[in-house]
Amino acid sequence: MKIIRSPAAMTAWSERLRREGVTIGFVPTMGALHEGHRSLIREARLQCDALVVSIFVNPTQFGPREDLTKYPRPLSHDRAICRQEGVDVCFEPTAEAMYPEGFQTTVTVPAVARRWEGEVRPHHFAGVATVVTKLFGMVRPHRALFGQKDFQQSVLVQQLVKDLNLGVDIVVRPTVREQDGLAMSSRNVYLSPDERGRAVVLYKGLQTGAKMIRTGETDARIIRSAMAQVIKGEPAMAIDYLAVCDLTTLESLPTITGKAVLLGAARIGSVRLIDNIVVSAKQARRNF
Ligand code: AMP
C-alpha cells in the first residue's frame, strides 16, 4: 500500500491509472476507522479496480467549540486496516496542503444544509462540501462511497456532484451497527461505559417511529412524539432534533405516504450522536 501525502502526487497517480482505463474507487474518511468504514472500503474494493482511502481530519467542518483537537487519530491502526482490506493508496494530506495561504473558495449547498445538522452546526456542511470537492479534484475517482449513517451529508454530496457536474458516481451504503443497534462512530470512544449502555436509546426511538410508519401511522407529529417519548425515557439523553423527512429535500413531511427518513440527534454527556432510518409507509391494500 502506498502512502501519499502530497495532493500533486495523488493526482499524478490517479491520472496515470485513468489513462490505462483503470476504475478508481474512493472512500473519504477522517480516520479512527471502524467497521462502518471497513464496510465501505470492502464494497469499494469489490466495485473498483484501484482503491484510495483518504484520512484527513478536516478542520473547516468543526465548529469552534467542537472536538477538532481531541478527535482520535490512531494513524498506524488506520493504516493497518487499509492494508488488510487491500487499499492501494492511503491519502493523508496535511491541513497546510489542503488550505494553503491565500485559500478562499468555498462550496455551499444551501437548501440541503439548512436544516437539522446545519442548524446545530452552522459551518459544518460548507466545510464538508468544500473538502469533498477538493478531495475529488485531487483523487479524481470514478466512484466514491459514503455511509448512510451521515444521511444529510450523503444527500448533500449527491446534490453537489449533480450541481457541479463533478462526474463521480456516488454510492451510499447502509449504517453498520454495534450488536445492540448503536450506530458505529469514531466518536463512540468518548462514551463512558455507562453512557455507552444508554446511548442505544436514540436508535430505539427511531425504530419505534419506523415501526409505526410500517404499520400504518401517517401523521408525522404523532410519530415524532412517540420517538421523543422513548428517548426521554433515558434522562441522560438530551434530544437535539427528531425529524420525519423527505429523502431528497430533507424537508419535514407532515404526512407519510411513501418513503421517508427518520433523522435523530441527541447528546449524552459530552458526546453527540446522530442516527437515521429510511422507511416506507405501509401500502394500502388494493382491491382489483
Ligand atoms: P468519518 O470518518 O466519520 O468522516 O466517516 C467517513 C465515512 O464513513 C462517511 O461516509 C460516513 O458516513 C461513513 N460511516 C461512518 N460511520 C459509519 C457506519 N456506522 N456505517 C456506515 N458508514 C459509516
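The values are calculated or read from the model by the stated rules, or taken from the named source; none is laboratory data. Being a predicted model, the structure only gives us computed values, none of them experimental. All Cβ positions, even for glycine, are placed from backbone atoms using ideal geometry, and neighbour counts span all protein chains on display. These area figures cover heavy atoms from the full protein model, side chains too; ligands, DNA and RNA do not enter into them. Shrake-Rupley method; radii C 1.70, N 1.55, O 1.52, S 1.80 Å.
Can you confirm whether region 256-268 contains a residue that is part of a helix (DSSP H, G or I) and open to solvent by 50 Å² or more (accessible area, probe 1.4 Å)? Even if it seems obvious, please write down each step before you answer.
So the first thing to find is which residues in region 256-268 are part of a helix (DSSP H, G or I), and the list is none.
No: region 256-268 contains no residue that is part of a helix (DSSP H, G or I) and open to solvent by 50 Å² or more (accessible area, probe 1.4 Å).
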Task: Selected residue (criterion: least open to solvent (accessible area, probe 1.4 Å)) from residues of region 228-255 that are under 15 Å from Ile277 (Cα atoms) and part of a loop (DSSP other than H, G, I, E, B) - done: Leu250
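Assess whether Lys211 counts as being closer than 23 Å to Gly147 by Cα and free of Cβ contacts under 8 Å to residues at least 24 places away in the same chain. First the steps, then the outcome.
On the way: closer than 23 Å to Gly147 by Cα: yes; free of Cβ contacts under 8 Å to residues at least 24 places away in the same chain: yes.
So Lys211 passes the test.
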Task: Any pair with Cβ under 9 angstrom, 6 or more apart, that starts in region 169-196 at a residue that is aromatic (Phe, Trp, Tyr) and ends at one that is part of a strand (DSSP E or B) - done: Tyr190/Val271
TODO: Identify all residues within region 98-120 that are under 23 Å from Val161 (Cβ atoms), in contact (Cβ under 8 Å) with a residue 60 or more places away in the chain and of a type outside the set (Val, Ile, Thr); write none if there are none.
DONE: Met98, Ala111, Arg115, Trp116, Glu117
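How many residues, within region 49-65, are open to solvent by 10 Å² or more (accessible area, probe 1.4 Å) and of a type outside the set (S, T, N, Q)? Let's see the steps before the verdict.
Taking region 49-65 first, the residues open to solvent by 10 Å² or more (accessible area, probe 1.4 Å) are 49, 55-57, 59-65.
Filter again for of a type outside the set (S, T, N, Q), leaving 49, 55-57, 59, 62-65.
Residues that pass the stated criteria total 9.
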Open item on the list: One residue is enough: does region 101-111 have a residue meeting the conditions outside any helix (DSSP H, G or I), surrounded by 14 or more Cβ atoms within 10 Å (Cβ to Cβ) and in contact with a Lys or Arg (Cβ under 8 Å, 6 or more places away or on another chain)?
Closed with: no
TODO: Starting from region 10-22, keep only residues that are modelled with pLDDT of 95 or more, then list their pairs with residues that are open to solvent by 50 Å² or more (accessible area, probe 1.4 Å) whose Cβ atoms are within a distance under 6 Å, requiring at least 6 positions of separation or different chains.
DONE: Ser14/Arg140; Val22/Asp49
- [ ] Answer yes if at least one residue in region 217-226 is within 29 Å of Arg38 (Cβ to Cβ), in contact (Cβ under 8 Å) with a residue 24 or more places away in the chain and open to solvent by 40 Å² or more (accessible area, probe 1.4 Å), and no otherwise.
- [x] no
Open item on the list: Of everything in region 131-177, what is part of a loop (DSSP other than H, G, I, E, B) and within 14 Å of the ligand (Cβ to nearest atom)? Give them in sequence order.
Closed with: Pro141, Gln148, Lys149, Asp150, Val168, Pro174, Thr175, Val176
Task: Positions within region 149-180 being under 17 Å from the mean Cα position of the chain (by Cα) and of a type in the set (Gly, Ala, Ser), in sequence order - done: Ser154
